[in-house]
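This report concerns only the one structure given below.
The values are calculated or read from the model by the stated rules, or taken from the named source; none is laboratory data. Keep in mind it's a predicted model, so treat the numbers as computed, not measured. Positions of Cβ are generated from backbone atoms using ideal geometry, with glycine treated the same way; all protein chains shown enter the neighbour counts.
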Amino acid sequence: MRKPIFLALILVILSCQSKTSKNMESNTKMEIIKPKKLVLNDTIVYLSGDNDLALIKLTLIPNGTFDFYMSIYSEPMQDSEPESDLINSNGTWNGNEKTLSLNFAERKKDTLNLNDLFDSSYKEGNEFKIINKNTIEIDYSLNKLNIWGISCHKSEK
């Protein structure tokens, strides 16, 4: 009589152990969550506010491209060539809801220095990071971006 009770007890213990180990295995599996790829339904514009330095407009187009326009205001007593005071550039963008990578197209006429446009001494927190001479990563979750030391506010068009 002792043997059947003893065997039943061992079977109960073993069945409980297998359930416990299965539950532990399912709890220890980590699920890797990839950030959602950013899809724009509307055009997003970063536009400079009132200032005495420049008009800046960064336009993110839903098709994965962007346009960058900057018109530097001339100083009243300085003769300057109007062509040198304009910067037009474009490129492609990709990213997620948190970060956005802007890849500026190569320019043959002159070089666009991202270190000058996105000066780290004017950034607030981690709003942007220069990746290489043509690529910058911005924090897309923010509603403002400092370009050339000028606050540019994000809006949908």
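Name the single residue that is surrounded by the fewest Cβ atoms within 10 Å (Cβ to Cβ) among those in region 92-107 being over 13 Å from Lys36 (Cβ atoms) and small (Gly, Ala, Ser).
Applying the filter and picking the extreme gives Ala105.
Taking only pairs six or more apart or across chains, which ones have beta-carbon atoms under 8 Å, a first residue in region 126-143 that is touching a residue at least 12 places away in the same chain (Cβ under 8 Å), and a second residue that is assigned to a loop (DSSP other than H, G, I, E, B) and of a type in the set (Phe, Trp, Tyr)?
Pairs that qualify, where the first residue is touching a residue at least 12 places away in the same chain (Cβ under 8 Å) and the partner is assigned to a loop (DSSP other than H, G, I, E, B) and of a type in the set (Phe, Trp, Tyr), are Phe128/Phe118; Ile130/Phe118; Ile136/Phe118.
Taking the residues in region 110-157 that are aliphatic (A, V, I, L, M) and in a strand (DSSP E or B) as candidates, determine which candidate is surrounded by the fewest Cβ atoms within 10 Å (Cβ to Cβ).
The residue in question is Ile130.
Go through (1) more than 15 Å from the chain's Cα centre (by Cα); (2) at pLDDT below 95 one by one and return the number of the condition Ile131 breaks.
Unmet for Ile131, out of (1) more than 15 Å from the chain's Cα centre (by Cα); (2) at pLDDT below 95: (1).
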